[in-house]
Every structure is written in structure tokens, then in C-alpha cells.
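**Q** Handing you this structure, nothing more for now.
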Amino acid sequence: MAKTMEYTPLDEIAKIHDTLLASFISGKMQSIAVRKKQIAKVAYMIKENTNAIHDALFKDLHRSPAETTICDLSPVLHEAVHTYNHIDKWTKDIKPSTTAAYHAMNLRVKPSPKGVVLIIAPFNFPLILSLTPLISAIAAGCTVVLKFSEMLPSVSPLLQGLIEKYLDPQVVRVVQGAIPETSALLNLEWNHIFFTGSPRVGQIVATAAAKFTTPVTLELGGKCPIIVDPHRADYKLIARRILWGRATNSGQVCVSPDYVLIPRAHQKDLADALRQSYEEFWPSGTHESASFGRIVNPASAKRVSGYINESKGNILFGGVSEPDQCFVPLTVLTDVAKTDSTMQEEIFGPVLSIVPVDSLDEAIDFVNERPQPLALYVFTRDARYKEKVARNTRSGAIVFNDTMMHGTAPGLPFGGSGSSGYGQYHGKWGFDTFTHYRASLDNPSWTDRFVQFRYPPYTEWKVVAAKAVLSPVVLPFDKDGKKTYLKRLQQCVPVLILIAAVLYSRQKYQARLS
């Protein structure tokens with residue numbers, strides 16, 4: 001396995017692409033057994049190298065094994081198991097519902113792999129954000145190039161070595177590098193690009209893909225807000241869940257809660273609870289704790305520290321950073337103005353701003369005035385409160401009474417909305433992302449006797465026949481969009497007559513053949 005980071009030679013990148021394209025064209029991935037084998041190998045790659053993965057992530061991000069297990073390892077294993085168990089069902093032809101006129105034409109929808117795909121993963125969760133879409137792409141029958149982050153000198157070469165050891169090089173290859181290598185990748189024609197990262201780079205990826213009309217999935221980010229309803233609020237529970245969400249991976253999470261909107265009169269209640277939970281989680285502070293991570297590099301730490309230094313908010317706790325050591329403490333700011341330095345863009349670090357508001361309507365307006373977030377968090381026990389926020393806001397996800405848990409919850413799609421990205425994955429949604437649903441029709445010769453009107457010359461009787469066979473006789477709704485049950489019943493009569501005629505004709509045709 002690779003021990004140090006070695007960038008892929010630029011002249012090798014196109015060759016890797018061509019190798020995987022040839023492998024795909026060969027039909028290798030048409031076999032469900034081949035796909036299952038590769039998915040199983042991904043799972044065992046994780047299970048048999050857990051300690052090495054923990055050690056590498058601690059070196060690069062000072063991340064605790066508990067966080068890695070919760071956020072990176074367990075979700076990938078669940079994805080592998082779920083996909084393995086459902087791939088036979090997902091890959092079967094689908095028989096769609098249709099009208100009587102097309103019933104005999106053997107309509108099918110064939111799940112087909114898109115081809116050679118590119119997955120560009122970020123540094124913050126290098127396993128779940130690379131291996132989860134990888135599992136989906138393999139399940140769909142694609143061949144894959146993985147691009148890991150150059151910011152992880154321990155994790156990225158480790159994963160490359162593991163992939164080279166466990167997975168078929170005719171199915172999955174790794175490209176390492178920075179901007180030149182990524183640019184070389186984007187200059188090639190892919191059948192799908194899956195990118196996770198910043199909105200700025202996402203726009204570059206989408207622009208490059210547009211040259212080839214390549215479909216793209218963009219998993220971006222943004223500032224994820226929290227709205228707190230003070231009525232019957234359990235501030236201790238709210239504070240614990242907010243702090244966990246903001247402190248995980250030292251705030252370097254695309255769905256990490258970024259700021260809190262709470263009625264002005266109740267800001268102190270939440271602040272007191274946050275301080276209490278902070279002292280419970282990190283009794284000696286975050287600097288010496290093995291349960292608190294580091295920023296990925298000094299430049300990023302300096303950037304995050306700058307937000308704190310420039311803020312006009314009041315520091316509840318935290319505040320003193322050591323950028324050269326990649327350390328930024330978990331910091332909570334109160335009385336933060338809407339124009340504050342911390343409110344301008346995604347921080348991607350352990351800084352939480354509390355923004356007092358006067359009403360729920362003001363909080364909703366505040367969210368809607370800004371780019372759509374990847375996640376919106378709402379703490380309330382009131383069903384009407386939940387419904388009001390859900391109906392009047394837009395976001396990639398909306399989560400009630402917790403933070404970030406939707407990102408690893410089996411059964412839910414994950415994806416953005418607006419500037420936070422587009423496209424979804426996880427489970428069946430991931431399979432769909434890398435699948436082209438191919439329409440298929442197989443029309444037997446005997447149906448021609450019922451559709452002679454399709455052929456020229458188009459006489460008046462053919463127009464009448466076309467309307468009778470293909471057009472709804474009676475619309476099942478009125479002009480106001482309300483159902484009209486009597487008309488729906490009336491509509492069934494000619495359809496039943498047509499079905500009977502088709503079945504009768506088919507029976508006579510088969511009898512003549514026998």
C-alpha cells in the first residue's frame with residue numbers, strides 16, 4: 001500500500017480514463033455478480049483496516065475514533081450492506097403502467113449504467129464522501145475514477161493503497177493530486193461527475209462538465225441555520241445537540257449548524273445551557289481534549305480564526321486560536337448582528353453565532369433572504385410551528401429537534417437545493433444517480449391492425465380513429481381541477497371495449513398460428 005502522497009503523473013490520467021472506458025465497453029460490469037463482489041470488497045476493506053484508518057484520520061485531523069466510527073465508517077458499511085441486499089431488485093427491468101392502446105407493446109424501463117464516472121471527494125469525511133457514491137456507482141454498473149483530497153497526507157495515500165489492494169483496477173482507479181491533476185480530469189469526457197466541496201469549485205466543475213453535456217451531482221454547503229422555538233423548550237437537550245453538531249470534525253461539516261435564530265428574550269436561556277454542556281463535554285477545554293479535532297491546515301485555521309477576531313458579537317466561550325497548530329477552539333458568540341463578519345459565508349469551522357430575532361416570521365425571512373442551505377434545523381414541539389417553517393422555507397433537508405443526524409440515517413436521500421447543490425444519493429437514490437433509465441418498447445406485428453390510422457395517407461376516418469383510440473374520451477376532472485367520478489366511470493367504457501377487442505384479436509391470431 002502507498003505510504004506517502006504521490007501525485008498521479010498528468011500523462012497517466014487520460015490513460016486511466018481510457019482503461020476504464022474500455023473495461024466498461026467490454027461489458028464486464030453488466031454482471032450483477034461482479035458488482036456484488038466489488039461492493040463486498042469495499043465493506044471488507046473497511047472492516048479489516050479500521051485501526052489504520054483511525055490512526056490516519058487522527059494524524060490528519062486529530063479526529064477521535066468515536067467520531068470516525070459514527071460519521072465515516074459505520075455509514076459506509078451500512079451502505080454496502082443495504083446496496084448488496086437490494087441490487088438484484090434495483091437492476092431488474094421495470095414494467096410501467098400505461099394506457100390500453102400501448103398495453104400490448106411490451107413497455108419496459110431498463111436500468112442501465114451511465115458509463116465511466118468521476119468522483120471528487122473532499123478532505124473532511126474522506127470515506128463516506130467517496131466510498132458511499134463509489135458503492136452506488138458500482139451497483140449501477142459503472143467504472144469509477146476516485147479523486148481524493150490532497151490535504152490529507154496520511155488518509156489519501158492509505159485509501160489509495162487499500163483500493164489498489166482490494167478492488168479490481170478494471171473497475172476502480174485512484175487519481176491523486178491538486179489543481180493541475182483535477183484540471184486534467186475535468187478536461188476529459190465523463191458519463192457522470194459526482195463532486196463534493198465548496199460552491200466556488202462546484203461552479204468550476206459544472207462549467208467543465210457542460211462542455212461535454214455531462215450530468216453532474218453537486219454536494220456543496222452553505223450556512224445551515226437553527227431556529228429555536230422557546231415554548232416548552234428543553235434547553236439542555238437543545239444545547240447538547242447543537243454543540244455536538246458544531247463541534248463534530250471541528251465544525252468542518254457541510255451540514256454543521258452555523259448559526260442560531262432565537263427570540264431575543266430567550267437568548268440567555270440557550271446561552272446558559274450551551275455553556276453548561278460545553279463544560280460537561282470538555283471539562284478542561286477543547287485544546288487538550290482527545291475528543292476535539294483540528295482544522296485541516298494552518299491557512300484554513302487562520303481564515304476561521306479571522307471570523308472570530310473580526311466579529312462584533314460577544315464571546316460566550318472559546319475565542320483564542322492557534323492557527324499554526326491548526327487549532328481553533330469551539331467558540332460561541334452571542335448578540336450577533338445580521339451584518340456580522342461571521343454571517344457572510346460558510347465558516348467551515350467550530351464557530352457558532354447566536355442571532356437574536358423578534359419573531360418566527362423574522363427568522364423565516366432571515367433564512368429566505370440568504371442562499372438555500374444544505375440543511376435547516378428546527379427545535380420545537382409544536383406541529384404547527386414545524387409545518388409553518390417547512391412550508392415557508394427551502395433547503396436540502398429539514399431536521400426537527402436534532403442536528404446532522406439525517407446525513408447518516410439509512411433510508412433518507414442526501415442532497416442540496418439551490419446554491420447548496422443538486423442531485424441526491426444514499427441507497428436507492430445513489431443507484432439512481434449513476435443509472436440511466438432506458439425506455440424500451442417491443443411492438444408485435446399483430447397490433448398494426450388496430451393502429452392503421454398511424455400510416456399515411458391521413459384520411460378523415462383515421463383522424464376519428466386516432467382520437468377514439470389514443471385520446472381520453474372524457475377528462476376525469478373539471479376546469480377547476482376537481483375530480484368528476486361520473487366522467488371517470490364513463491371513460492372506462494370505451495377503454496374496456498378496446499381491451500376486449502385487442503384480447504379477442506390476439507386470441508384469434510394465436511389460434512391461427514397454432
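**Q** Could you list all residues from segment 264-284 that are surrounded by fewer than 22 Cβ atoms within 10 Å (Cβ to Cβ) and out of contact with any Leu (no Cβ under 9 Å at 6 or more places or on another chain)?
**A** R264, A265, H266, Q267, K268, D269, D272, Q276, E279, E280, P283, S284
**Q** For D269, indicate whether it is more than 24 Å from L237 (Cβ to Cβ), touching a Pro at 6+ places or on another chain (Cβ under 9 Å) and in contact (Cβ under 8 Å) with a residue 24 or more places away in the chain. Can you show your working first?
**A** Working: more than 24 Å from L237 (Cβ to Cβ): no; touching a Pro at 6+ places or on another chain (Cβ under 9 Å): yes; in contact (Cβ under 8 Å) with a residue 24 or more places away in the chain: yes.
Criteria not met by D269.
**Q** Identify all residues within segment 80-127 that are surrounded by 14 or more Cβ atoms within 10 Å (Cβ to Cβ) and part of a loop (DSSP other than H, G, I, E, B); write none if there are none.
**A** Within segment 80-127, T91, L107, K114, G115, A121, P122, F123, N124, F125, P126, L127 meet the criteria.
**Q** Has segment 248-263 got at least one residue that is closer than 22 Å to T435 by Cβ, open to solvent by 10 Å² or more (accessible area, probe 1.4 Å) and part of a strand (DSSP E or B)? Break it down stepwise before answering.
**A** At the first step, the residues of segment 248-263 found to be closer than 22 Å to T435 by Cβ are none.
No, segment 248-263 has no match at all.
**Q** Please find, within segment 366-394, the residue that is least open to solvent (accessible area, probe 1.4 Å) out of those that are under 21 Å from I347 (Cα atoms) and among the charged types (D, E, K, R). Break it down stepwise before answering.
**A** Looking only at segment 366-394, we keep the residues that are under 21 Å from I347 (Cα atoms), and these are 366-378, 394.
Add one more test, that the residue is among the charged types (D, E, K, R), and what stays is 369-370, 394.
Numbers: E369: 134, R370: 68, R394: 158 Å².
Only one residue tops the list, namely R370.
**Q** If you go through segment 6-52 one residue at a time, how many are under 29 Å from H86 (Cβ atoms) and not hydrophobic (A, V, I, L, M, F, W, C)?
**A** Looking only at that region, the number is 16.
**Q** I would also like to ask the following. I315 - would you say it is outside any loop (DSSP other than H, G, I, E, B), open to solvent by 10 Å² or more (accessible area, probe 1.4 Å) and among the β-branched types (V, I, T)? Break it down stepwise before answering.
**A** On the way: outside any loop (DSSP other than H, G, I, E, B): yes; open to solvent by 10 Å² or more (accessible area, probe 1.4 Å): yes; among the β-branched types (V, I, T): yes.
Yes; evaluated as a whole, the condition is true for this residue.
**Q** Can you tell me which residues in segment 175-229 are in a strand (DSSP E or B), of a type outside the set (F, W, Y) and under 18 Å from I16 (Cβ atoms)? Let's see the steps before the verdict.
**A** As a first pass, look at segment 175-229 and keep what is in a strand (DSSP E or B): 175, 192-196, 216-219, 224-228.
Imposing the further condition that a residue be of a type outside the set (F, W, Y) reduces the set to 175, 192-193, 196, 216-219, 224-228.
The answer is V175, H192, I193.
**Q** Restricting the first residue to segment 197-222 and requiring it to be closer than 19 Å to S130 by Cα, which pairs with a second residue that is at pLDDT below 95 and of a type in the set (S, T, Y) meet a Cβ separation below 6 Å and a spacing of at least six or different chains?
**A** P199/S419
**Q** Inside segment 264-304, can you point out the residues that are of a type in the set (D, E, K, R) and assigned to a loop (DSSP other than H, G, I, E, B)?
**A** So in segment 264-304, the residues of a type in the set (D, E, K, R) come out as 264, 268-269, 272, 275, 279-280, 288, 294, 302-303.
E288, R294 - these are the residues of segment 264-304 that are of a type in the set (D, E, K, R) and assigned to a loop (DSSP other than H, G, I, E, B).
**Q** Something else about it: Of all the residues that make up segment 201-230, how many are more than 29 Å from N392 (Cβ to Cβ) and either among the acidic types (D, E) or open to solvent by 50 Å² or more (accessible area, probe 1.4 Å) (or both)? Please lay out each step first, then the result.
**A** Taking segment 201-230 first, the residues more than 29 Å from N392 (Cβ to Cβ) are 201, 204-205, 207-216.
Still in the list and also either among the acidic types (D, E) or open to solvent by 50 Å² or more (accessible area, probe 1.4 Å) (or both): 204, 207, 210-213, 215.
Of the residues in segment 201-230, 7 are more than 29 Å from N392 (Cβ to Cβ) and either among the acidic types (D, E) or open to solvent by 50 Å² or more (accessible area, probe 1.4 Å) (or both).
**Q** Give the number of residues within segment 396-411 that are free of Cβ contacts under 8 Å to residues at least 24 places away in the same chain and open to solvent by less than 50 Å² (accessible area, probe 1.4 Å).
**A** Start the filter on segment 396-411 by keeping residues that are free of Cβ contacts under 8 Å to residues at least 24 places away in the same chain, which leaves 398, 400, 405, 409, 411.
With the extra rule that they be open to solvent by less than 50 Å² (accessible area, probe 1.4 Å), the set shrinks to 409.
Count: 1.
**Q** Related question: Counting just the residues of segment 419-448 that are of a type outside the set (D, E, K, R), over 13 Å from the mean Cα position of the chain (by Cα) and part of a helix (DSSP H, G or I), which one comes out surrounded by the fewest Cβ atoms within 10 Å (Cβ to Cβ)? Spell out the reasoning first.
**A** Going residue by residue through segment 419-448, those that are of a type outside the set (D, E, K, R) are 419-427, 429-431, 433-437, 439-441, 443-447.
In the following step, the residues that additionally are over 13 Å from the mean Cα position of the chain (by Cα) were identified as 419, 435-437, 439-441, 443-447.
Still in the running and part of a helix (DSSP H, G or I): 419, 445-447.
Values: S419: 18, S445: 7, W446: 15, T447: 17.
The extreme case among them is S445.
**Q** Another question, if that's okay. Scan segment 92-115 and report the pairs whose first residue is at positive phi and whose second residue is of a type in the set (A, V, I, L, M, F, W, C), with Cβ atoms within less than 6 Å and a gap of 6+ or a chain change.
**A** Listed by first residue and then by second, the contacts come to G115/F24.
**Q** I need a count of the residues in segment 44-79 that are without any contact (Cβ under 8 Å) to a residue 60 or more places away in the chain, open to solvent by 20 Å² or more (accessible area, probe 1.4 Å) and either within 23 Å of G430 (Cβ to Cβ) or hydroxyl-bearing (S, T, Y) (or both).
**A** Matching residues across segment 44-79 total 4.
**Q** Which residue, of T68, T132, T99, is of a type in the set (S, T, N, Q) and within 15 Å of F434 (Cβ to Cβ)?
**A** Answer to the check: T132.
**Q** Looking at (1) over 27 Å from N51 (Cβ atoms); (2) open to solvent by 10 Å² or more (accessible area, probe 1.4 Å), can you tell me which one L158 breaks?
**A** (1)
**Q** Another question about this same structure. Run down I179, I227, I163, I193 and say which single residue is under 27 Å from V304 (Cα atoms), at pLDDT 95 or above, touching a helix residue (DSSP H, G or I) at 6+ places or on another chain (Cβ under 9 Å) and not charged (D, E, K, R).
**A** Numbers: I179 fails: touching a helix residue (DSSP H, G or I) at 6+ places or on another chain (Cβ under 9 Å); I163 fails: under 27 Å from V304 (Cα atoms); I193 fails: under 27 Å from V304 (Cα atoms).
Selected residue: I227, the only one of I179, I227, I163, I193 that is under 27 Å from V304 (Cα atoms), at pLDDT 95 or above, touching a helix residue (DSSP H, G or I) at 6+ places or on another chain (Cβ under 9 Å) and not charged (D, E, K, R).
**Q** Restricting attention to segment 370-421, which residues are touching a Cys at 6+ places or on another chain (Cβ under 6 Å) and of a type in the set (A, V, I, L, M, F, W, C)? Show your work before the answer.
**A** First pass over segment 370-421, keeping only residues touching a Cys at 6+ places or on another chain (Cβ under 6 Å): 373-375.
L374, A375 - these are the residues of segment 370-421 that are touching a Cys at 6+ places or on another chain (Cβ under 6 Å) and of a type in the set (A, V, I, L, M, F, W, C).
The values are calculated or read from the model by the stated rules, or taken from the named source; none is laboratory data. Small disclaimer: the values here were computed from a predicted structure and weren't measured. FYI the Cβ positions are ideal-geometry reconstructions off the backbone, even for glycines, and counts take in every protein chain you see. Ligands, DNA and RNA are stripped out before the accessible areas are found, and what is left, the full protein with its side chains, is counted by its heavy atoms. Shrake-Rupley method; radii C 1.70, N 1.55, O 1.52, S 1.80 Å.
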